Amino acid sequence: MTIELTPTVERTLWRSLPPWALVPVAAVAWWLAGFLPWLLNGTGRDVLTERGVGFLLLPPLMSGGVSQLVLGAGVGGVVAGLTSILSDGSRALRAGACTAGVAVALLVTLLQTRNGVSGTAVDTRITNGLTIVVIVTAIVGLGLGLLSLLGRVGLGFAVGALAGATPMWVMSVFMAFELVDTTGRLEVAHRVSEWSGAAVLAVALLCVGLVPGVRAVAWAGIVLLAWFIGPTITAAGYMEVFLRPGMGRHDLWGDQLSAAADVWRMAASLDARSLAPWGVPIVVAAAAATWLALRATPRPDQPAQ
């Protein structure tokens, strides 16, 4: 007689939060994870002092900050979506809670910031445009993060999106601490940021694994997603010109769109970045996933339990 033991764990420590608790968790995650470099820099103390604006919660709705806004709102959205794995409620309930949390964070921070810049020299049209940028990017990031609700493959894509933005986010942290004031330090910060993204990419691939074999197809999608995140954030900065007065003329749009597309293509080219931080995580993740799969496969001579 063979007794098959299949232990199941209904709740684990890291998934012990009730679904409603994801609302404040997602809100704080969007704020802190997305805009940590801005907070570490004293909430933009230099820029705000020059403009005569007091303390602003965030985000920096000021000219020249499109790339920073896209990076912060996007990363924050992905992390907020990933907090859904902290609860074991229904998918719909968790997705709704995370969405509500991000909505609350957006409402509070945008109102706080818009009130702070009101009455200053900041053009209202620019503030409105940047507000739309934050909202749209946060929604896209949240959507990517909520892919984690779809299982291991979805979790891999969510973490993969985070991997694509990690190098720029880490570099922003170095800049907030003013640790890139020399050429040598800049090179070190650049390498650390690259390999930080590589580490997150390896985690994304391991989340998916290689068993069953069809999951290996998802690896290509995850790597491509991560690869194009950085160039997209870079190109977004070139779209800021559309927020400036006088850009309502349609005959001016073609050149700017073409320039942004050229920047995106150059940033996404193989020559624009080192390939080692992309190849190494794939090799490491493949080796680790294969080893884990072999460990989980029972040997033919193994006695039945």
Query raised in the report: When ranked by the protection proxy of mean other Cβ atoms within 10 Å per residue, highest first, what sequence do the peptides 225-236, 260-271 form?
Result: 225-236, 260-271
Query - Local electrostatic count at ALA289 - Lys and Arg +1, Asp and Glu -1, tallied over other residues with Cβ under 12 Å - result: +3
Query raised in the report: Going highest first, how would you order 205-216, 70-81 by mean Cβ packing within 10 Å?
Result: 70-81, 205-216
**Report entry** Theoretical gain in end-to-end length, ILE132 to LEU294 [0.36 nm per residue, Cα-Cα removed]
**Finding:** 53.4 nm
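Quick note: the coordinates plus some simple rules give every number you see, no bench work behind them. The structure presented is a predicted model; accordingly, all values stated were derived computationally and were not measured. Neighbour counts are summed over all protein chains in view; Cβ atoms, including those assigned to glycine, are modelled from backbone coordinates with ideal geometry.
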